Amino acid sequence: MSVVLLTTALVIVVALLAAAGAGKLARIDGATYPAALTRAATAFAAVITLATSVTAALAALLT
């Protein structure tokens, strides 16, 4: 149980870091704050979706 919680926390931290990086890069590129926030949210959702897909694929292989 603790491994699942630790892995979930790690995935969320990585997703937040990716979102922060995407937002910062968008601002450096000259995007407005709403556009940068949209890009950050898209990056966050993409990392969470990728982690879910990988988890589902591994669960299918290991069972």
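Data overview
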{"read-out": "Compactness of the chain, expressed as Rg and Dmax over alpha-carbon positions, Å", "value": "14.5, 48"}
{"read-out": "Spin-label model distance (nm) - Thr52 vs Leu16, 7 Å beyond Cα toward Cβ", "value": "2.0 nm"}
{"read-out": "With Cα atoms, 0 to 90° folded angle of helix 33-62 axis to the chain main axis", "value": "10 degrees"}
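Readers should treat all values here as calculations from the given coordinates under stated rules, not as data from a laboratory. Here the structure is a predicted model, which is why all the values come from computation and not from measurement. No Cβ is skipped: glycine too gets one built from the backbone with ideal geometry, and neighbour counts run over all protein chains shown.
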